[in-house]
Each structure stands twice: as structure tokens, then as C-alpha cells.
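Chemist: First, the structure itself, so that you have it in front of you.
The values are calculated or read from the model by the stated rules, or taken from the named source; none is laboratory data. Note that the structure is a prediction, hence the values are computed from the model and not measured. In this analysis, Cβ positions are derived from the backbone assuming ideal geometry, glycine residues included, and neighbour counts consider all displayed protein chains. The area values use the complete protein model at the heavy-atom level, side chains included, leaving out ligands, DNA and RNA. Shrake-Rupley method; radii C 1.70, N 1.55, O 1.52, S 1.80 Å.
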Amino acid sequence: MELDSKCPSGPIETRWDRGRFALKLVNPANKRKHTIIVVGTGLAGGSAAATLAELGYNIKSFCFQDSPRRAHSIAAQGGINAAKNYHNDGDSIYRLFYDTVKGGDFRSRESNVYRLAQISVNIIDQCVAQGVPFAREYSGYLDNRSFGGAQVSRTFYARGQTGQQLLLGAYQALEWQIGEGRVAMYPRSEMLDLIVIDGRARGIVTRDLITGKVESHIADAVVLATGGYGNVYYLSTNAKGSNATAIWRAYKRGALFANPCFTQIHPTCIPVSGEYQSKLTLMSESLRNDGRVWVPLKKGDQRPPNQVPEPERDYFLERRYPSFGNLVPRDVASRNAKLVCDEGRGVGATGLAVYLDFRDAIERLGRETITDRYGNLFEMYERIAGEDPYQTPMRIFPAIHYTMGGLWVDYNLMTTIPGLYAIGEANFSDHGANRLGASALMQGLADGYFVLPNTINDYIASAKLEKAGASHPAVREAEQQVAARTKRLLDIQGTRSVDSYHRELGKLMWDYCGMSRTAAGLKHALAMIPELREQFWRDLRVVGAGEELNQSLEKAGRVADFFELAELICIDALERNESCGGHFREEYQTADGEAARDDANYSYAAAWEFRGVDAHPELHKEPLDFEYVHPAQRSYK
């Protein structure tokens, strides 16, 4: 299979405009004749459904939550990047483009990243017009703050609730279109398979999570906006319901899965406190604007943090990276936190934490200013950790947060299945091997509000689709597969719970394919995962029935997919014999412990093709060419 990115040629500054001009359009009156399915109602899916409906298309929108506004985008805290240069501090579209390519360790497409930087300025205007309450300076201008991997202030924010406020903007736009009758909303519906007719995506099979009813929905195109797959690790900052089933069904129907091993570890999360935990809580990267990260100089120093004098503290990020300090990219900050903990200088009961200290910022700016900036985050931390961060430094440790891998898409956001699009975190396109902070919201809204509504017209205008209904053989086959899979899960009647298997799989992944990886560890994981999967299908116990609300059954289907996805992640990590961004192979590092890329052999997007559950997937490579930002060893020193 030859991968064609469909990136326009010519000067990068004009590629998006020229690319759009070359695409076919659909007459406004004809749009009413076409139906598009959008799965997911987060920032990418919600904005896409609302925008496509406003353009005139008939939209079917699906989410497994009880309301579109409960999508996981609501949990994003710190902000959204845009190259507005309001601070006049040297920012520009080109600098945002450069920082994103460099931050992703030169493993992303230049054309996609430049388009993202261009569109970033339109996103802010769109959201302000919707009434999103971004923070403002005393003058009334929108305020900005800094995030990791940048030396300018380009992050727009709404206190520590930016994702929630942006989602409310997309939600109200979506609800308007629902009220106008152009969007049919299907809450509490989970996509369980993709319907492919004559090689094209034509619909989905869903299960009603309240009644258990399985039904099919047919359309002219399908858009997946279902987020990432971080919950394969069990403990992550993702909502417990976040899963990979939609994109995994697409993968098994023929869509290629790109760079699955590119998983992001977020450096500022509340540490694990016990075996009973089912998820982890993020503390926004924005806290690193004013918080200073440190550990004691001496190993095993158990003194309370406020009793450790200044000369006996190691502000290790400031020491190692004087130019960026505490605002190095996430992968760099996470690895350094792990390093000092591995040296025996970690803090807290487990020794797996470092301090994030606001003492100096409070003295310099005053408590009121810090409360204005981070008050809700401080309150959240105190409720969970039982400590007042105004008085005692926060304890933080890295955790799984985001996945840069996803379904392979071309420049127009179409997967390798014609008519199937993937947007937001569900695709692989913009962040390379490491996403910079505050760029997830940017990509989701860029894809949903601006990119997809332009590119999907070309497919709708070009495709000659036959009429299809519930009686079509491909529809019946997909429904039968869903029914058979559900029955198989219910019929096992073993002894172990879904969560016990998920927890065991997650620990295996964290230990051998987490913050750092080795060939030996990955081979061990690849030997263990099939054994655990076989045990899962032999001894799982799912209580209840399929024709009712059954959360045990929901989780079982998702974890079954995680077992298969975990194996692909490890295969990809083992095949990529280099370190880059969030993929850190211990065998490939510089003398001072930084990621050592191998551009001669691995400057490509790895796109995997499904060949069967027990068969090795086939690797396809999309070469990455760099005309504008030339690959070099990343330095934040």
C-alpha cells in the first residue's frame, strides 16, 4: 500500500489556501441531500458536527456520555495556543510552527503543522465570538501565559477550566443545530463497528447503553472524533470511559494505525497513592509558569519540604535547562523527574514524586494573584492530597496523558478507508512524537471548525455512492459480528473481573512500554500480553445481560480492544530503534541522557495494517521530509 499524504506543493505559507482551492465544492442546496456521521462530541467532534450542520449537511452525532458536554475535552485545564503575538514578544505563525515541529522531535508533517499554526489565530476569534470567557488583562485585552517548549507567551486560558469553557462554546453551537433539526443527537450510544461497503465507509453499528439495543446507521461519510487511547495503561489522566474501540474497529476494517508507540507522559500529575486507584488526576502544565520543580540534593532525605534549606535543594530542570527552566517540553520534564526518583531522591511515601513549589511566586506576586491564576487547581489538589499548596509544595509525578499516535490520515484528514475521516486526538497528524502543552485544544478545534468542513466537501462531491440500507449484506455482517462478540463476552462466565485484567495489563504496559523502553522489556511484554489476553477470554466474568444497562459488558469490550492495541504499541516501540519525544528507548540516548533520534533510518510515520489478531501487522512507511525546519538534536539548554 502506498501512502499518499496529498500535501500541496509550493511555499508552505500558501499550501492550505491552494489546497482548499483545488478541492471540489458542494452546492448549498445539494448538501441537504447528504448525511454525515460524527462519532464523539468533544472539541473536535462537537465543533465538526455543528459546523457541518450549519453548512447544510444532515448530521448524526453520537456519544456514549449522557450529554455531549460531558466529553473528556471538558477536563483540559491550562489553555490553548495561538500565534496572536498579543504580548509583542516575538511570536509568529512561523515560530509556533517551528516550536511544534521541534517539540514533536521532528516526527510530524511540516504541511499539517504549518496549517495548524495558521488556523490557530482564527480559533481564538471564533471562540471569543461564541462568548468563551478567556482571561483578560486589566486593559481588557486577552491575556496569555507560557507553556512548555516555548519562550513566548501564546497560551490563551480561562483560569484552570479552559477545556470546559471551549467545550461549552462548541456545545452551544451543536445544540443550536440540534434545535434547528440539522443534527440528530444519539447520546448513550457506543460505536461497536464500522460499516464498509464497496471499500468505502458508509456507516456504523452502535449499542444503546441503556437498553442494549444494537442498530445500524448509514451515511455518506463517517467522522471519528473519539479521542486517544491512554487508558490502555489503566492509570492515566483520561476519563474512565475514554476508550479506543471506535478507532480500533476502523483499524480492523482496513484503516492504518500510525505511530501507536508515541504516547505522552505528562510531568505534573498527582502521584499514585495506592492499589485501589482507578485513575490519576492532572495538575495543569500552566502551574510550571510560577511553580519551581525540585528534590532534595541528598538521597533518602525525608524531611518535610519546608525544612529543607535552599542550598540543599536541587532545582534540577532549572539547573539542566537554564534557557527554558521549568518550561521544557513534557517528555523532557517527565524523564528528568523519573531520573531523580531513580537516583533515590524522590519525595513522598513512595519516593515517586518531586516537588512543585510556589513559595517564591507567592512572595513575589502575592497570594491573591496566584489564586486568580490557579485557584481552582490549588483547591482540587488540596481536596485530593489533603495538603495546602499555598503552604506546602505540591507533590507531582509523570503519568500517561495523551496519545500522539492514532489513525493515519492524509492532509485532508481522510484515513486509508475512503469516506472515513479521523480528527482531533483520534488521528496521528500534527504532534509527532511529543505534543506541546496547550496544543490539543488547538488541533481539535482546528480540525473541527476549519479543516474538515473544507476537505470533506471534496469527497462528497466526488464519490458515487449506491443506496444502502439495513438489508445490505455488509450491514448485516457488521451487526452479526457485534452480536457474536457480545455473546462471547457474556458466555465466558469465568472468575475474574474486567478491572482486574485491565489493571494487570496497564501495569505491564507502564513497566515495559511506559516512560522508558528497552528491547528486552518490550519482548517480555510481547510474550506476556498474548498469554494474559488468552486468560481474559477464558476466565473473564461479565455479570448481567446484553439487553440492559451493563457497565461490566461495556468495560469488557473496551478492555478486549486494549489487549490487542497494547500488543501493537509494543510492536511499534520495538521496531523503532531510536529515541524520539515520548518514545524513549534506553539503548538510544545521548551522553547526557537526551533522546537520540536516528533520522537516517526512522524519519517516517509508521502506519500499521491489520492482518489478523494472531498475525503480525504489516508496516507501511510515510517518509517525512523537512524543507523548513531542519532536524537537529533538540536542545532546551
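Chemist: Accessible area, 1.4 Å probe, largest first: how do T245, T211 sort? Provide the component values of the computation, followed by the final result.
Modeler: Values: T245 5, T211 70 Å².
In descending accessible area the options line up as T211, T245.
Chemist: Any idea what the dipole of the range 135-217 comes to, in debye rounded to 20, about its Cα centre with Lys/Arg Cβ at +1 and Asp/Glu Cβ at -1?
Modeler: Values: 10 positive and 9 negative charges, 42 e Å.
My answer is approximately 200 debye.
Chemist: Need the C-alpha centroid separation for the range 500-562 versus the range 578-621, integer Å.
Modeler: 23
Chemist: Using 7 Å Cα-to-Cβ label points, what is the Y315/L549 separation (nm, one decimal)?
Modeler: Distance between the two pseudo-spin positions: 5.2 nm.
Chemist: What per residue convex hull volume, in Å³, do the alpha-carbon atoms of the range 267-399 yield?
Modeler: Numbers: hull volume 14.2 nm³, N = 133.
Enclosed volume per residue, from the Cα hull, is 107 Å³.
Chemist: Place a +1 charge on the Cβ of each Lys and Arg in the chain and a -1 charge on the Cβ of each Asp and Glu, then give the dipole magnitude about the Cα centre in debye, rounded to the nearest 20.
Modeler: Details: 74 positive and 78 negative charges, 149 e Å.
Here the chain has a charge dipole of around 720 debye.
Chemist: So, one more: Mean residue ellipticity at 222 nm from the helices of the chain, using -39,500 (n - 2.57) per DSSP H segment of n ≥ 4 over the full residue count, to the nearest 500 deg cm²/dmol? Show your work: numbers first, answer last.
Modeler: Numbers: 18 runs with 229 residues, N = 637.
The helix-only estimate for the chain comes to -11500 deg cm²/dmol at 222 nm.
Chemist: Suppose all protein chains stay in the model; what accessible area per residue would a 1.4 Å probe give for the range 473-600, in Å²?
Modeler: Working: 5300 Å² over 128 residues.
Roughly 41 Å² per residue, with all protein chains present.
Chemist: Restricting to DSSP loop positions (anything but H, G, I, E, B) with no more than 13 other Cβ atoms inside 10 Å of their own Cβ, which trypsin sites (Lys or Arg not before Pro) remain in the range 15-67? Walk me through the numbers on the way to the answer.
Modeler: On the way: sites: R15, R18, R20, K24, K31, R32, K33, K60; in loops: K24, R32, K33.
Here the sparse-neighbourhood loop sites are K24, R32, K33.
Chemist: Using the Cα atoms as the points, what is the convex hull volume per residue of the chain in Å³? The partial results should precede the final answer.
Modeler: Details: hull volume 94.7 nm³, N = 637.
So the per-residue hull volume is 149 Å³.
Chemist: Out of the trypsin sites (Lys or Arg not before Pro) in the range 408-516, which ones are loop residues according to DSSP with at most 10 other C-beta atoms within 10 Å? Before the final figure, lay out each step's value.
Modeler: Details: sites: R435, K464, K467, R476, R485, K487, R488, R496, R503, K507; in loops: R435, K464, K467.
Listed in order of number, the matching sites are K464, K467.
Chemist: Let's see if you can work this out: charge +1 on each Lys and Arg Cβ, -1 on each Asp and Glu Cβ, no other charges. What is the dipole magnitude of the range 473-600 about its Cα centre, in debye to the nearest 20?
Modeler: Working: 17 positive and 24 negative charges, 109 e Å.
Result for the range 473-600 is approximately 520 debye, rounded to the nearest 20.
Chemist: Still on this model: Could you please put Y381, Y171 in sequence from largest to smallest accessible area, using a 1.4 Å probe? Mind dumping the intermediate values first?
Modeler: Numbers: Y381 0, Y171 60 Å².
Ranked from most to least accessible, the order is Y171, Y381.
Chemist: Indicate, rounded to the nearest 5 percent, the antiparallel portion of the DSSP beta bridges found entirely in the chain.
Modeler: Values: 44 of 63 bridges.
Of the beta bridges lying entirely in the chain, close to 70 percent run antiparallel.
Chemist: Once the dipole of the chain is set up with Lys and Arg at +1 and Asp and Glu at -1 on Cβ about the Cα centre, which of L23, L52, Q302 lies farthest towards its positive end?
Modeler: L52
Chemist: Within the accessible area of the range 516-611, what % is carbon and sulfur when the probe is 1.4 Å and the other protein chains stay in place? Write out the running numbers ahead of the final one.
Modeler: Details: 1730 of 3530 Å².
Exposed carbon and sulfur together represent 49 percent of the surface.
Chemist: Suppose we flag GluC sites (Glu not before Pro) only when DSSP calls them loop and at most 15 other Cβ atoms lie within 10 Å. Which is the longest uninterrupted stretch of the chain? Working shown, then result.
Modeler: Details: sites that count: E2, E137, E180, E275, E343, E387, E466, E547, E548, E586, E587, E627.
In the chain, the maximal stretch lacking such sites is 3-136.
Chemist: Whole-Å semi-axes of the range 482-588's equivalent ellipsoid, largest first, each the root of 5 times a Cα gyration tensor eigenvalue? Before the final figure, lay out each step's value.
Modeler: Details: eigenvalues 199, 29, 23 Å².
Gyration-tensor ellipsoid for the range 482-588: 32, 12, 11 Å.
Chemist: Enter the Cα centre distance for the pair the range 443-495 and the range 338-374, rounded to the nearest angstrom.
Modeler: 46
Chemist: Still on this model: Which far-off residues, 5 or more places away or on another chain, put their amide H under 5 Å from the one on L624, with H placed in the peptide plane?
Modeler: Here the answer is Y604, A605, since their amide H atoms fall under 5 Å of that of L624.
Chemist: Same structure, new question: Give me the distance in nm between label points sitting 7 Å out from Cα along the Cα-to-Cβ direction at T590 and R611, one decimal.
Modeler: Using points 7 Å along Cα→Cβ, the separation is 3.7 nm.
Chemist: At 25 °C and 0.890 mPa s, grab the translational diffusion coefficient of the range 333-397 from Stokes-Einstein with a Kirkwood Rh over Cα pairs, rounded to a whole number in µm² per second.
Modeler: On the way: Rh = 12.7 Å.
So the translational diffusion coefficient is about 193 µm²/s.
Chemist: How do F626, F562 stack up against each other in accessible area, from largest to smallest, with a 1.4 angstrom probe?
Modeler: Values: F626 30, F562 5 Å².
Correct descending sequence by accessible area is F626, F562.
Chemist: Additional query: May I ask which residue of P260, A525, L317 lies farthest towards the positive end of the charge dipole of the chain, with charges of +1 (Lys, Arg) and -1 (Asp, Glu) on Cβ and the Cα centre as origin?
Modeler: Farthest along the dipole direction, towards plus: P260.
Chemist: Right, next: Pop out the carbon and sulfur fraction of the accessible area of the range 267-399 as a percent, whole number, probe 1.4 Å.
Modeler: Numbers: 2810 of 5660 Å².
For the range 267-399, the apolar C and S fraction of the accessible surface comes to 50 percent.
Chemist: Let me ask something additional. Using a 1.4 Å probe on the protein heavy atoms only, what accessible surface does M380 show? Give it in Å² to the nearest 10.
Modeler: That residue has around 60 Å² of solvent-accessible surface.
Chemist: Per residue, how large is the accessible surface of the range 41-141? Use a 1.4 angstrom probe and give square angstrom. Spell out each step's value before the answer.
Modeler: Values: 3490 Å² over 101 residues.
Accessible area per residue, the range 41-141: 35 Å².
Chemist: With the dipole of the range 267-399 worked out from charges on the C-beta (+1 for Lys and Arg, -1 for Asp and Glu) around the Cα centre, which of M394, S286, V347 lies farthest toward the positive end?
Modeler: V347
Chemist: Which value, in Å² and to the nearest 10, is the accessible area of F147 when all protein chains are kept and the probe is 1.4 Å?
Modeler: The value for F147 is about 10 Å².
Chemist: Could you compute how much accessible surface S153 exposes when probed at 1.4 Å, giving the result in Å² to the nearest 10?
Modeler: 20
Chemist: Using a probe radius of 1.4 Å on heavy atoms only, what accessible surface per residue do you get for the range 267-399? Whole Å² is fine.
Modeler: Values: 5660 Å² over 133 residues.
Each residue of the range 267-399 exposes 43 Å² on average to a 1.4 Å probe.
Chemist: How many angstrom lie between the C-alpha centres of the range 215-230 and the range 115-164?
Modeler: A separation of 29 Å, based on Cα centres.
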